[in-house]
Amino acid sequence: MSRNPRVVILGAGMSSIACADHLSESFDVEIYEKSRGVGGRLCSRRHSDTARFHFGAQFCTSTNPSFHNFLKHNGAQNFLGSGIDLMTNQQLETKNYYIHQNGMQSLLKESSSNLNIHFETKATHVNAMSKTLTLGSNLQVPYDVLISSLPLPQAKELIDCSIIPRTEFSPCIAVGMMVKLKDQNKFNAFKNVNAEVSWVGSSKFYNPTLQETWVVQLSPAGSQLKKGESDESLINYGHHTLESLLESDVELSSSSVFRWKFAQCERATHNQPFTSLADDIFAIGDWHISPRVESAFLSGRALAEHLNGRDT
Ligand SMILES: Cc1cc2nc3c(=O)[nH]c(=O)nc-3n(C[C@H](O)[C@H](O)[C@H](O)COP(=O)(O)OP(=O)(O)OC[C@H]3O[C@@H](n4cnc5c(N)ncnc54)[C@H](O)[C@@H]3O)c2cc1C
């Protein structure tokens, strides 16, 4: 009896779920994700029962109707904040900014709920000759089609084929702070703060009922400059940045630092939403288009359509 082709996807971020969710039922799809949940660079971390640190993507914009439907299906809401771009001194136009009130990773919850995902399972090697994936436990998984949704530098470490595309990723240091503020502020998001800080935002624009936290995200240049500093020094820096933006003393009740090694990719110069790396090995991810959640979605969807078409 013939069986369905086995599609193995590495990673469970936006590009992976957008792809898996759209593959036709004639494929058996399995996803291997190294962390405990879906989201990848959308991740926010629960800090206590009443607070969350939003370390990853802060919001997403949507221009594509199919991404718009995906967002609606997964409970996206409009951004509740009011923000200012300090480079232009203009108020942010947030009409087309979307968030999820439980954190950005929840944008994948509904669409991933029926997928076969193995969490806390790290992929360590892909053998293109024998068509097997090796997991951290040394278990070997055979595949018919393998899809990597990892940032390109991470994919290159795993897959033994000559990967042609090139793209640079920059790091991002994010400082999360649980705060007590005396006054309500006019703005709860600040973009392009200075050369070292690209974004400072409050959790109030996700869920005003939870205890307020703020995140300070360093720019690629700021993250490079400060990557050797201790968490304590980064928290002092984040605290000072927040106090000067809010022009008031800010009482910190707790804090945490998250260091993204591969945060932001370059904008691609080619027009190719996915890559064929070898026979039956493909790569998807934001880096095919631009460093945005919507780009990751479009990359995953494009490959699913390609494979669905190939199957018929
Ligand atoms: C700090 C920060 C702020 C951002 N802000 C915004 C924003 O405001 N708006 C916006 O649109 N975009 C923003 N982005 C970009 C956006 O988050 C990404 O474009 C998008 O989430 C990328 O999705 P992806 O599926 O391509 O990759 P990823 O989300 O990186 O998914 C890759 C997945 O692979 C997993 N993985 C890695 N290695 C292995 C392995 N060996 N085995 C198994 N699994 C593995 C990872 O855990 C991850 O889940 C931001 C990103 C960062 C880091």
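Quick one: would you say Leu108 is over 26 Å from Phe205 (Cβ atoms) and either within 11 Å of the ligand (Cβ to nearest atom) or assigned to a loop (DSSP other than H, G, I, E, B) (or both)? If you could, list the steps in order and put the result at the bottom.
Values: over 26 Å from Phe205 (Cβ atoms): no; either within 11 Å of the ligand (Cβ to nearest atom) or assigned to a loop (DSSP other than H, G, I, E, B) (or both): yes.
Considered against the rule, which asks whether it is over 26 Å from Phe205 (Cβ atoms) and either within 11 Å of the ligand (Cβ to nearest atom) or assigned to a loop (DSSP other than H, G, I, E, B) (or both), Leu108 comes out as no.
Any idea which residue in region 168-188 is modelled with the lowest pLDDT, counting only those that are over 16 Å from Gln211 (Cα atoms) and under 19 Å from the mean Cα position of the chain (by Cα)?
Restricting to residues being over 16 Å from Gln211 (Cα atoms) and under 19 Å from the mean Cα position of the chain (by Cα), the top hit is Glu168.
With respect to Glu110, is the statement that it is farther than 26 Å from Leu246 by Cβ and either charged (D, E, K, R) or out of contact with any Gly (no Cβ under 8 Å at 6 or more places or on another chain) (or both) true?
So Glu110 fits the description; yes.
For region 90-104, does any single residue satisfy the condition of being of a type in the set (Ser, Thr, Tyr) and in the same structural domain as Val38 (by TED's automatic domain parsing)?
No.
Considering each residue of region 260-277, count those that are buried (at least 16 other Cβ atoms within 10 Å of the Cβ) and more than 10 Å from the ligand (Cβ to nearest atom), and give that number.
Residues in region 260-277 being buried (at least 16 other Cβ atoms within 10 Å of the Cβ) and more than 10 Å from the ligand (Cβ to nearest atom): 5 in total.
Got a number for residues in region 155-197 being within 16 Å of the ligand (Cβ to nearest atom), free of Cβ contacts under 8 Å to residues at least 40 places away in the same chain and out of contact with any Leu (no Cβ under 7 Å at 6 or more places or on another chain)?
Total meeting the criteria: 3.
Looking only at region 55-79, filter to residues that are hydrophobic (A, V, I, L, M, F, W, C) and closer than 22 Å to Asn192 by Cβ; which one of those is farthest from the ligand (Cβ to nearest atom)?
Here the residue is Phe79.
Condition check: within 14 Å of the ligand (Cβ to nearest atom), outside the structural domain of Val215 (by TED's automatic domain parsing), of a type in the set (Lys, Arg) and at pLDDT 95 or above. Does Lys122 satisfy that?
Against the criterion (within 14 Å of the ligand (Cβ to nearest atom), outside the structural domain of Val215 (by TED's automatic domain parsing), of a type in the set (Lys, Arg) and at pLDDT 95 or above), Lys122 qualifies.
For residues in region 204-228 being at pLDDT below 95 and of a type outside the set (Phe, Trp, Tyr), which is surrounded by the fewest Cβ atoms within 10 Å (Cβ to Cβ)?
Thr209
Looking at Ser290, Ser248, Ser255, Ser244 in this structure, which one is assigned to a loop (DSSP other than H, G, I, E, B) and under 15 Å from Val200 (Cβ atoms)?
Result: Ser248 is the single residue among Ser290, Ser248, Ser255, Ser244 that is assigned to a loop (DSSP other than H, G, I, E, B) and under 15 Å from Val200 (Cβ atoms).
Of all residues being touching a residue at least 60 places away in the same chain (Cβ under 8 Å) and over 10 Å from the mean Cα position of the chain (by Cα) in region 1-15, which is nearest to the ligand (Cβ to nearest atom)? Just the residue, please.
Gly11
Does Leu307 count as within 16 Å of Ala57 (Cβ to Cβ) and modelled with pLDDT of 95 or more?
Criteria not met by Leu307.
Quickly run through region 269-310 and pick out the residues that are among the hydroxyl-bearing types (Ser, Thr, Tyr), in contact (Cβ under 8 Å) with a residue 60 or more places away in the chain and under 16 Å from Arg166 (Cβ atoms).
The one that is among the hydroxyl-bearing types (Ser, Thr, Tyr), in contact (Cβ under 8 Å) with a residue 60 or more places away in the chain and under 16 Å from Arg166 (Cβ atoms): Thr275.
So Glu33 clears everything in (1) free of Cβ contacts under 8 Å to residues at least 24 places away in the same chain; (2) charged (D, E, K, R); (3) closer than 18 Å to Leu158 by Cα except one condition, right? Which one?
Exception for Glu33: condition (1).
For region 84-126, how many residues meet the condition of being charged (D, E, K, R) and free of Cβ contacts under 8 Å to residues at least 24 places away in the same chain?
So the answer is 2.
From (1) part of a helix (DSSP H, G or I); (2) surrounded by fewer than 17 Cβ atoms within 10 Å (Cβ to Cβ); (3) not basic (Lys, Arg), pick out the condition that doesn't hold for Gln184.
(1)
The values are calculated or read from the model by the stated rules, or taken from the named source; none is laboratory data. Just so we're clear, the structure is a prediction, and the values are computed from it rather than from any experiment. Glycine also receives a Cβ, built like all others from the backbone with ideal geometry; neighbour counts cover every protein chain displayed.
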